[in-house]
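Colleague: The structure follows.
Where a number appears in this text, it was derived from the coordinates with a stated rule and is not lab data. A quick note: this is a predicted structure, and the numbers were derived from the prediction, not measured. Note: ideal-geometry Cβ built from the backbone for every residue, glycine included; neighbour counts use all protein chains shown.
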Amino acid sequence: MSEYDVVVIGGGAAGLSGAVALVRSRRTVLVVDAGQPRNAPADGVHNYLGRENAPPAELLADGRAELARYGGEVVSGVATAARREDDGTFRVALDGGRSVAARRLLVATGLVDELPELPGLAERWGRDVLHCPYCHGWEVRDQAIGILATGPNAMHQALLFRQLSADVVFFRHTGPELPEEQAEQLAALGVRLVDGEVSGLEVTDDRLTGVRLTTGEVVPRSALVVAPRFTALAAVLESLGVPAVDQDMGGHVVGSAVPADPSGATSAPGVWVAGNVADLSAQVVVSAAAGMRAGAMINADLVAEDARRAVEAHRSVAA
Ligand SMILES: Cc1cc2nc3c(=O)[nH]c(=O)nc-3n(C[C@H](O)[C@H](O)[C@H](O)COP(=O)(O)OP(=O)(O)OC[C@H]3O[C@@H](n4cnc5c(N)ncnc54)[C@H](O)[C@@H]3O)c2cc1C
């Protein structure tokens, strides 16, 4: 089994950017990628300077081509676990029984969006069922937007989307009772507050047209904002003793992420993280930047180890 300087687990924006930084420093790199980036349902990537509206698959294909140009390798598959050997190297188990060895690991496996349960909602995810104003807010500007409240952060989403459209309806659904000052804010901003639970979506010609309440009333809407739970894909990190921990926003758990220092170094020596697995609010460009920074830090760590080994060899020759 050949040993790479670095095995990168996850070939999204974070993993590929880290891999490119490493191969450009003449490191041998293998990217193991399951090929399911989080934004796959979206038509285009927004807020990525210089690549506005690029299809997500095109951006990653370009990243893979850049990596290949410098000699980096990509293998399709799922890394199921990893362990650190006594000599400090890592063995990464892949599905199908294969395994690969590396001196360092960069884990950039992303997160999974756990959507609120509502019939027909998952099918529309990333199209007219949305979560993020910076990903697709501009695309639904001036449209009839609904906010599906399932927790206290729905109010924050309502204010963000009200910035994009004057026609916003707040469905209290399973969210908490609004404090008086929040109800007043909605009223002042012209956001209609609808009490009662939502039972489903109205769809015509594969487009969202309305939100149906348990009363049978249908409120016409062309976009619905939801708050998924953002759960880190951290199985490999857990196998290395670095589990994800709950992330809090406004006193409410919104998901999980793997703790790391600002360079992406985890508490496990030799293991770095980048992108959504470590930072659930990271956009594509932020994930790419984190991957690049982690790649540079891993290279610096390897440079130090190489120098240490060279000195040991030099001394043993001199002795
Ligand atoms: C619908 C939607 C639209 C979005 N639109 C935008 C937008 O317009 N602009 C923007 O900036 N952000 C957008 N985002 C956010 C964006 O998806 C993330 O910022 C970005 O994907 C994070 O990059 P990443 O590399 O950390 O993870 P990902 O892109 O999710 O890549 C992780 C990769 O690792 C692979 N993987 C996971 N586990 C394993 C494993 N065990 N072994 C091997 N491979 C594994 C996955 O299959 C995947 O290919 C959007 C998100 C959603 C949900």
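Colleague: Let's test the formula: R0 of 35 Å, r as the Cβ-Cβ distance of Glu305 and His252. What FRET efficiency results, to the nearest 0.05?
Modeller: Computed FRET efficiency for Glu305 and His252: 0.25.
Colleague: If you don't mind, another one. Sorted by average packing, counted as other Cβ atoms within 10 angstrom per residue and highest first, what order do 295-305, 224-234 take?
Modeller: In descending order of packing, they fall as 224-234, 295-305.
Colleague: Could you state the number of Å between the C-alpha centres of segment 107-176 and segment 195-218?
Modeller: Each part's Cα centre sits 15 Å from the other's.
Colleague: Oh, and also: For the ranges 4-10, 174-180, 217-223, what's the packing order if you count other beta-carbon atoms within 10 Å of each residue, average per peptide, and put the highest first?
Modeller: 4-10, 217-223, 174-180
Colleague: If you don't mind, another one. Given the rule -39500 (n - 2.57) for each run of at least 4 DSSP H residues, summed and divided by the residues of the chain, what is its mean residue ellipticity at 222 nm, to the nearest 500 deg cm²/dmol?
Modeller: Taking each H run of at least 4 residues, the total per residue is -8500 deg cm²/dmol.
Colleague: Another question, then. Please give the helix 13-23 orientation as an angle from the longest Cα principal axis of the chain, in degrees from 0 to 90, rounded to the nearest 10.
Modeller: So the inclination is approximately 20 degrees.
Colleague: A further question on this structure: Roughly how large, in nm² to one decimal, is the mean projection of the convex hull of the alpha-carbon atoms in segment 202-241?
Modeller: 4.9 nm²
Colleague: Two decimals, Cα atoms only, Kirkwood Rh: what is Rg/Rh over segment 59-126?
Modeller: Taking Rg over the Kirkwood Rh, I get 1.11.
Colleague: Follow-up. Can you put Trp125, Trp138 in order, fewest other beta carbons within 10 Å first?
Modeller: Least crowded to most crowded, the residues run Trp138, Trp125.
Colleague: For an R0 of 41 angstrom, estimate the FRET efficiency from the Cβ-Cβ distance between Val218 and Ser76 and round to the nearest 0.05.
Modeller: So the FRET efficiency works out to roughly 0.40.
Colleague: How large is the translational diffusion coefficient of the chain in µm² per second when you combine the Kirkwood radius over alpha carbon pairs with Stokes-Einstein at 20 °C and 1.002 mPa s?
Modeller: Roughly 100 µm²/s, to the nearest whole number.
Colleague: Relative to the longest principal axis of the C-alpha atoms of the chain, give the angle of the C-alpha long axis of helix 284-318, reported between 0 and 90° and rounded to the nearest 10°.
Modeller: Roughly 10 degrees between the two axes.
Colleague: Something else now. Can you list residues whose amide H is under 5 Å from Val203's amide H, if they're 5+ apart or on another chain and H is modeled 1.01 Å from N?
Modeller: Correct list: Thr209.
Colleague: A further question on this structure: Test of understanding: extend the Cα→C-beta vector of His156 to 7 Å, then name every residue of segment 117-145 with backbone N under 14 Å from that spot.
Modeller: 131-134
Colleague: What FRET efficiency do you get for Ala187 and Arg84 if R0 is 41 Å and r is their Cβ-Cβ distance, rounded to the nearest 0.05?
Modeller: 0.10
Colleague: Additional query: About its Cα centre, what dipole magnitude does the chain give when the only charges are +1 on Lys and Arg Cβ and -1 on Asp and Glu Cβ, stated in debye to the nearest 20?
Modeller: 1100 debye
Colleague: Continuing with the same structure: How would you rank Leu67, Leu213, Leu49, going from fewest to most other Cβ atoms within 10 Å of each one's own Cβ?
Modeller: Leu49, Leu213, Leu67
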